[in-house]
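Enquirer: Here it is: the structure, laid out below.
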Amino acid sequence: MSAQTRSRRVTCADIMKRKGGEPIVSLTAYDAPMASILDPHCDFLLVGDSVGMVVHGLPTTVGVTLDMMIMHGKAVMRGAKTALVVVDLPFGSYEAGPEQAFESASRVMMETGCGAVKIEAGVYTADIVRFLTDRGIPVMAHVGLRPQAVNVTGGFKAKGRSNDETDTVLAEAEAAEKAGAFAMVVEGVDEALAGQVTNTVSIPTIGIGASATCDGQILVTPDMLGLFDWTPKFVRRFGNARERIDEAIEAYAAAVRNRTFPGEAEVYRVKKD
Ligand code: KIV
């Protein structure tokens, strides 16, 4: 189903069918207006917990709450008409076990109307993925670099530096697939390892900093638009939003200061009753 011509919302089953086929296009979204711009171009939109860093100015994603994800998920669902919308379960909302995960995921699904949730998947989360999928909640897994684990791993370093690391990522991917995940994000891994994961699992892999060997790609939208001075190595800036916005604000400030804004066309001249 081409993103430009589709007449219904993309489902998880549609995404699964794209394994090894036309690359899956996805971006993160956090609000309604941007979701409506991204929607016709993307197969799915991720309401990522990166919202904590790129919208709320937090240092990591660890401070993001379930209520924040639900608020942004609702906004994105209002803007996205046909792309599948996937909402991240944030740190602390699922790791205690299947019941906690179900409580959080069912709230997300019911309150936002999104089509799936995403969880950062270690081998230990296989039980959680199985519990959710058995109960009707589609799960996208997230393996490789897991930003929610940054306080244990000590940073945002790409994975695949040792045989142990490679084996762990492969084990996480296989466990998530076996447990019923319909797709998985593969973040920050060496190209060869990304290829190995993609060839090993039968569900689509969505790469971010994981090479073109994946079945699709995702980027954090403000990063690829060029909103920030610094971006990680794997980001390509497809625009320079920061400069464009800066120019517009500079022009506005100058117009206010020299009293050319508001002008003739921008004032009300109402007839008196
Ligand atoms: O939170 C997020 O935006 C993500 C992407 C980096 C895949 O998980």
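The values are calculated or read from the model by the stated rules, or taken from the named source; none is laboratory data. Predicted model only: the values in this text are computed from it and were never measured. Note: ideal-geometry Cβ built from the backbone for every residue, glycine included; neighbour counts use all protein chains shown. Ligands, DNA and RNA are excluded from the accessible area calculation, which covers all protein heavy atoms including side chains. Shrake-Rupley method; radii C 1.70, N 1.55, O 1.52, S 1.80 Å.
Enquirer: May I ask you to say which residue of 198, 213, 231 is among the polar types (S, T, N, Q), in a loop (DSSP other than H, G, I, E, B) and over 17 Å from the mean Cα position of the chain (by Cα)?
Expert: When all the criteria are applied, what remains is 213.
Enquirer: Using beta carbons and a limit of 6 Å, which pairs, at least six apart or on different chains, have the first residue in region 56-71 and in contact (Cβ under 8 Å) with a residue 12 or more places away in the chain and the second one assigned to a helix (DSSP H, G or I) and open to solvent by 30 Å² or more (accessible area, probe 1.4 Å)?
Expert: Going by the 6 Å Cβ cut-off, the qualifying pairs are 70/111.
Enquirer: While we're on this one: Please tell me if residue 158 is touching a residue at least 24 places away in the same chain (Cβ under 8 Å), more than 19 Å from the chain's Cα centre (by Cα) and either closer than 20 Å to residue 86 by Cα or open to solvent by less than 70 Å² (accessible area, probe 1.4 Å) (or both).
Expert: Values: touching a residue at least 24 places away in the same chain (Cβ under 8 Å): yes; more than 19 Å from the chain's Cα centre (by Cα): no; either closer than 20 Å to residue 86 by Cα or open to solvent by less than 70 Å² (accessible area, probe 1.4 Å) (or both): yes.
So residue 158 fails the test.
Enquirer: Determine whether residue 197 is within 14 Å of the ligand (Cβ to nearest atom), closer than 19 Å to residue 16 by Cα, touching a strand residue (DSSP E or B) at 6+ places or on another chain (Cβ under 9 Å) and hydrophobic (A, V, I, L, M, F, W, C). Outline the logic, then answer.
Expert: Numbers: within 14 Å of the ligand (Cβ to nearest atom): no; closer than 19 Å to residue 16 by Cα: yes; touching a strand residue (DSSP E or B) at 6+ places or on another chain (Cβ under 9 Å): yes; hydrophobic (A, V, I, L, M, F, W, C): yes.
Considered against the rule, which asks whether it is within 14 Å of the ligand (Cβ to nearest atom), closer than 19 Å to residue 16 by Cα, touching a strand residue (DSSP E or B) at 6+ places or on another chain (Cβ under 9 Å) and hydrophobic (A, V, I, L, M, F, W, C), residue 197 comes out as no.
For (1) more than 24 Å from residue 233 (Cβ to Cβ); (2) in contact with a Ser or Thr (Cβ under 6 Å, 6 or more places away or on another chain); (3) not polar (S, T, N, Q), each residue gets a yes or a no:
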{"site": "105", "(1), (2), (3)": "yes, no, yes"}
{"site": "115", "(1), (2), (3)": "yes, no, yes"}
{"site": "123", "(1), (2), (3)": "yes, no, yes"}
{"site": "130", "(1), (2), (3)": "yes, no, yes"}
{"site": "158", "(1), (2), (3)": "no, no, yes"}
{"site": "166", "(1), (2), (3)": "no, no, no"}
{"site": "171", "(1), (2), (3)": "yes, no, yes"}
{"site": "174", "(1), (2), (3)": "yes, no, yes"}
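Enquirer: If you don't mind, there's one more thing I want to ask. Exactly one condition in (1) out of contact with any Gly (no Cβ under 6 Å at 6 or more places or on another chain); (2) outside any helix (DSSP H, G or I); (3) under 19 Å from residue 50 (Cα atoms) is false for residue 186; which is it?
Expert: (1)
Enquirer: Considering region 80-91 alone, what residues qualify as being open to solvent by less than 40 Å² (accessible area, probe 1.4 Å), more than 13 Å from the ligand (Cβ to nearest atom) and of a type in the set (D, E, K, R)?
Expert: none
Enquirer: So is residue 77 away from the ligand (no atom under 16 Å from the Cβ), within 22 Å of residue 224 (Cα to Cα) and surrounded by 15 or more Cβ atoms within 10 Å (Cβ to Cβ) or not? Don't jump to the end; show me each part of the working.
Expert: Numbers: away from the ligand (no atom under 16 Å from the Cβ): yes; within 22 Å of residue 224 (Cα to Cα): yes; surrounded by 15 or more Cβ atoms within 10 Å (Cβ to Cβ): yes.
Answer is yes for this residue.
Enquirer: Moving on to the next point. State whether the residues of region 140-147 include one that is buried (at least 23 other Cβ atoms within 10 Å of the Cβ), closer than 20 Å to residue 13 by Cβ and aliphatic (A, V, I, L, M).
Expert: Yes; the residues of region 140-147 include at least one that is buried (at least 23 other Cβ atoms within 10 Å of the Cβ), closer than 20 Å to residue 13 by Cβ and aliphatic (A, V, I, L, M).
Enquirer: Another question about this same structure. Could you check region 54-74 and list, in sequence order, the residues that are surrounded by 24 or more Cβ atoms within 10 Å (Cβ to Cβ) and either among the hydrophobic types (A, V, I, L, M, F, W, C) or touching a Gly at 6+ places or on another chain (Cβ under 7 Å) (or both)? Walk me through how you get there before you give the answer.
Expert: Step one: of region 54-74, the residues surrounded by 24 or more Cβ atoms within 10 Å (Cβ to Cβ) are 64, 69, 72-73.
Selection gives 64, 69.
Enquirer: Against the definition (of a type in the set (Gly, Ala, Ser) and surrounded by 22 or more Cβ atoms within 10 Å (Cβ to Cβ)), how does residue 48 come out, yes or no?
Expert: Numbers: of a type in the set (Gly, Ala, Ser): yes; surrounded by 22 or more Cβ atoms within 10 Å (Cβ to Cβ): yes.
So residue 48 fits the description; yes.
Enquirer: Specify which of the listed residues (201, 169, 185) is modelled with pLDDT of 95 or more, open to solvent by less than 30 Å² (accessible area, probe 1.4 Å) and in contact with a Lys or Arg (Cβ under 6 Å, 6 or more places away or on another chain).
Expert: Only one candidate passes the filter, namely 169.
Enquirer: Report, ordered by the first and then the second residue, all pairs with beta carbons closer than 6 Å, sequence separation of six or more or different chains, a first member in region 109-127 that is open to solvent by less than 40 Å² (accessible area, probe 1.4 Å), and a second member that is among the small types (Gly, Ala, Ser) and within 16 Å of the ligand (Cβ to nearest atom).
Expert: Filtered contacts from region 109-127: 112/73; 114/73; 117/105; 121/141; 121/176.
Enquirer: Looking at region 28-55, which of the residues that are in a loop (DSSP other than H, G, I, E, B) and either more than 8 Å from the ligand (Cβ to nearest atom) or closer than 16 Å to residue 113 by Cα (or both) is nearest to the chain's Cα centre (by Cα)?
Expert: Among those residues, the one meeting the criterion is 48.
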